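Asker: Attaching a single structure in structure tokens format; questions to follow.
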Amino acid sequence: MKRTLFAVALVITLSFAAAAQHKTPALSQHRAGNPAAELQDTKEVANPSVPALCNPCLFYGGDLNPSDANAAGFSDENTLFIPGSSTYGEVNIPTGTTVRVKGILFNVQASTAFDPMTASYDIRTGVSEGNGGTSIASGTVGLSVTATGRNFLGVNEYSLLAVFPSITLTSGDYWMNVTPNCTNTLDGSCSVFRQFASNTTQRTNALHESWQPAHEMFLNSTFFGFAWANWCDSSLGLNQTQCGYLSFGVLGGVQ
């Protein structure tokens with residue numbers, strides 16, 4: 001009788017474990033949110049404390065505020081667990097301005113190592129709902145990583161930097177992404193953990209924050225089945241402040 005009960009208990013335990021393994025992963029991680037909160041006004045700061053890796057820093061969207069009710073992280077990962085899921089943020093280069101860009105920085109909440117230390121980068125024009133536009137620069141490069149010291153919902157945040165051959169951009173709208181890799185088949189963490197790009201609600205320490213239009217973040221994910229979905233689409237479960245701005249930066253200078 002004891003042996004029968006043990007067998008039944010074991011079957012139940014294994015069933016729960018299997019169900020947990022097959023549970024659909026979440027697109028994002030976020031607090032409950034405060035839909036009544038308003039997006040922060042654009043206020044240029046004289047000497048913002050941008051991430052150390054953003055050097056020379058041309059643009060920075062601002063820091064994650066882990067204690068904010070509207071803090072969030074968006075799927076931005078290429079791992080053995082979740083391949084091919086990227087979040088893009090927009091930079092609008094002002095009229096009459098030409099810049100030379102040589103790197104993109106993303107602040108990412110990550111519960112796993114970056115293995116190998118590489119990331120893909122992509123710069124696009126003409127992105128809209130359901131339309132990926134045109135890629136004008138992309139590739140896979142080495143990755144530089146620095147901890148920000150912030151922790152959101154139990155997950156540490158890191159600044160990730162992808163440096164690439166410099167490209168000249170004239171005034172206009174550009175959508176940019178850095179997606180870190182964890183594709184080492186010998187690294188068990190690559191089959192389990194998650195990576196999320198951070199949002200910014202107060203845009204603390206932002207540089208040229210007026211260059212980032214509100215509500216212009218897009219998810220392109222073969223894993224989740226979303227082709228260039230705006231993160232403000234109601235089906236993705238975020239309020240208008242949570243999907244307002246992305247915490248990322250651009251390296252380069254004005255020509």
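The values are calculated or read from the model by the stated rules, or taken from the named source; none is laboratory data. Source: prediction; values computed, not measured. All Cβ positions, glycine included, derive from the backbone under ideal geometry; neighbour counts span all protein chains shown. Each accessible area value is taken on the protein alone, full model and side chains, heavy atoms only, with ligands, DNA and RNA left out. Shrake-Rupley method; radii C 1.70, N 1.55, O 1.52, S 1.80 Å.
Asker: So with the 1.4 Å probe, I'd like the accessible area per residue for the chain, rounded to whole Å². Numbers along the way, then the final one.
Answerer: Numbers: 11390 Å² over 255 residues.
For the chain, the solvent-accessible area averages 45 Å² per residue.
Asker: Another question, if that's okay. Let me spell out the model: positive unit charges on the Cβ of Lys and Arg, negative unit charges on the Cβ of Asp and Glu, origin at the Cα centre of the chain. What dipole size does that give, in debye rounded to 20? Before the final figure, lay out each step's value.
Answerer: Numbers: 11 positive and 17 negative charges, 154 e Å.
Approximately 740 debye in magnitude.
Asker: Under the classification rounded if a/c is under 1.5, otherwise prolate if a/b is larger than b/c and oblate if not, where does region 129-243 fall, given a ≥ b ≥ c as square roots of the Cα gyration tensor eigenvalues?
Answerer: Values: a/c = 1.25, a/b = 1.16, b/c = 1.08.
Since a/c stays below 1.5, the shape of region 129-243 is classed as rounded.
Asker: Also: How would the chain be classified by its alpha-carbon gyration tensor: rounded, prolate or oblate, with rounded meaning a/c under 1.5 and the a/b versus b/c comparison settling the rest? Numbers along the way, then the final one.
Answerer: Working: a/c = 2.06, a/b = 1.76, b/c = 1.17.
It comes out prolate by the Cα gyration axes.
Asker: Can you tell which of 67, 185, 114 lies farthest toward the positive end of the dipole of the chain, using +1 and -1 charges on the Cβ of basic and acidic side chains (Lys, Arg; Asp, Glu)?
Answerer: Positive-end residue among those listed: 185.
Asker: Could you calculate the contour length gain from residue 128 to residue 47, that is, 0.36 nm times the residue separation minus the distance between their Cα atoms, to one decimal place in nm? Please report the intermediate quantities before stating the final value.
Answerer: Values: separation 81, 0.36 × 81 = 29.16 nm, distance 3.34 nm.
Value of the extension gain: 25.8 nm.
Asker: Using a ≥ b ≥ c from the Cα gyration tensor of region 153-203 (square roots of the eigenvalues), is it rounded, prolate or oblate, where a/c under 1.5 gives rounded and otherwise the larger of a/b and b/c decides, a/b for prolate? Let's see the in-between values first.
Answerer: Working: a/c = 3.24, a/b = 1.53, b/c = 2.12.
It is oblate, given that a/c is not under 1.5 and a/b is not larger than b/c.
Asker: Something else now. Name the residues whose placed amide hydrogens come within less than 5 Å of the amide hydrogen of residue 136, ignoring near sequence neighbours (fewer than 5 apart) on the same chain.
Answerer: The list, which skips near neighbours in sequence, is 123, 124, 125.
Asker: Nearest 10 degrees, 0 to 90: what angle lies between the long axis of helix 2-21 and the longest principal axis of the chain (Cα atoms)?
Answerer: 20
Asker: Could you work out which residue, out of 216, 38, 77, moves most in a Gaussian network model of the chain, that is, has the largest mean-square fluctuation with Cα springs under 10 Å?
Answerer: Maximum fluctuation in the GNM of the chain, among the listed residues, is at 38.
Asker: In the chain, what percentage of the DSSP-assigned beta bridges are antiparallel, given to the nearest 5? Mind showing how you got there, number by number?
Answerer: Working: 66 of 69 bridges.
Once the DSSP bridges in the chain are tallied, antiparallel ones form about 95 percent.
Asker: Under the 0.36 nm per residue contour assumption, what length would be gained going from the current alpha-carbon distance of residue 147 and residue 233 to full extension? Could you put the intermediate results ahead of the total?
Answerer: Details: separation 86, 0.36 × 86 = 30.96 nm, distance 3.07 nm.
Contour length minus the Cα-Cα distance gives 27.9 nm.
Asker: Under a 1.4 angstrom probe, counting protein chains only, how are 158, 88 ranked by accessible area, largest first?
Answerer: Working: 158 55, 88 15 Å².
The ranking, largest first, comes out as 158, 88.
Asker: Sticking with this structure for a sec: Mind grabbing the accessible area of residue 193 for me, 1.4 Å probe, Å², rounded to tens?
Answerer: Rounded to the nearest 10, that gives 90 Å².
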